[in-house]
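Single-structure report; data block below.
What follows draws every value from the coordinates through simple rules; no lab data is involved. Everything numeric here is computed off the predicted structure, so don't read it as measured data. Reconstructed Cβ throughout: ideal geometry from the backbone, glycine too, with neighbour counts over all protein chains shown.
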Amino acid sequence: MFGMLLHVTLEFRADWETKMDMNVVGAKLRGEEQLLLVEVEEKESALLESPLRLGKDRFLGVLKVKSKAMAVLYTHMVSRSFVRDGIVTASLTLLGYDELRELLRDLLGLNARVLRVSKVVGEEPLTVRQEQVLVAALESGYFDYPRKVRLSELAKRLNISPSTLDEVLRRAERNVLLKYIQGR
């Protein structure tokens, strides 16, 4: 069983010569060389292997680099990375603080800077029933000012007692507010 999941965003200076801005779509490690699948503007597409036109001025292709940092980075679960003005920004999902410490130790000397760390919360704030009731209340105008429907009318439409509706709505409101406040 894994510990808590962390979503981490960090940045560091690219440790390979680049003047290109690019979105890194994926990477494959091959010995000391990394094959980066990147999206670039048309003016930079000549530097790619097997460029493929994506749109009017965007290309997808392979860029070969020798980068300790990218080799380290792509041994983890990278969800997004890009390079702007020689600075790599990456978002990763890590298996707890131990993996974060290991990553930062491996990137030592590159002046890696952690921009954000947050716990990944997999819980839904609402039960299915709470969500159904909340949506019905919103669509019926229960939360409008002035109310377009009273609690007793909404309960009748949903075929439940007014006291049950009140309890489900209060729990749903509480869960949504807690989720909102904790996410700030």
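Table for the structure above
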{"quantity": "Exceeding the 30 Å Cα-Cα cut-off - candidates 68/119; 68/179; 56/179; 19/56; 43/119", "calculated": "68/179; 56/179; 43/119"}
{"quantity": "Gained length - residue 139 relative to residue 53, 0.36 nm times residue gap less alpha-carbon distance", "calculated": "26.5 nm"}
{"quantity": "For residue 87, residues with placed amide H under 5 Å, excluding near neighbours", "calculated": "14"}
{"quantity": "Size of charge dipole - the chain - debye, nearest 20, with Cβ of Lys, Arg +1 and Asp, Glu -1, no other charges", "calculated": "520"}
{"quantity": "Length added when fully stretched, residue 132-residue 89, from 0.36 nm per residue minus Cα-Cα", "calculated": "11.6 nm"}
{"quantity": "Ascending count of other beta-carbon atoms within 10 Å, so fewest first, for 56, 148", "calculated": "56, 148"}
{"quantity": "Relative contact order for the chain, counting Cα pairs under 8 Å that sit 6 or more residues apart, in percent", "calculated": "25"}
{"quantity": "Whole-Å distance, taken between Cα centres, linking region 148-171 and region 30-65", "calculated": "57"}
{"quantity": "Cα-derived Rg over Rh, computed across the chain with Rh taken as Kirkwood radius", "calculated": "1.21"}
{"quantity": "Debye, to nearest 20: dipole size of region 1-63, +1 on Lys, Arg Cβ, -1 on Asp, Glu Cβ", "calculated": "200"}
{"quantity": "Selection from 149, 128, 177 lying farthest towards where the dipole of the chain points positive, charges on Cβ", "calculated": "149"}
{"quantity": "Whole-Hz ³J(HN,Hα) from phi, Karplus 6.51 cos²θ - 1.76 cosθ + 1.60, for region 49-61, glycine and proline x", "calculated": "8, 6, x, 10, 5, 9, x, 3, 9, 10, 10, 10, x"}
{"quantity": "Cα-centred dipole magnitude for region 142-184, charges only on beta-carbon of K, R (+1) and D, E (-1), debye, nearest 20", "calculated": "100"}
{"quantity": "Hypothetical label at residue 17: residues of region 61-95 whose amide nitrogen lies under 13 Å (7 Å Cα-Cβ projection)", "calculated": "66"}
{"quantity": "Contact order normalised by residue count of region 128-182, Cα under 8 Å, 6+ apart, percent", "calculated": "32"}
{"quantity": "Qualifying GluC sites (Glu not before Pro) for region 58-138 [loop in DSSP, other Cβ within 10 Å: at most 12]", "calculated": "123"}
{"quantity": "Ranked by how many other beta carbons lie within 10 Å on average, peptides 74-82, 29-37 from highest", "calculated": "74-82, 29-37"}
{"quantity": "Positive-pole candidate from 60, 91, 20, dipole of the chain, charges at beta carbon", "calculated": "91"}
{"quantity": "Long-range amide H partners of residue 67 with built H, under 5 Å", "calculated": "34"}
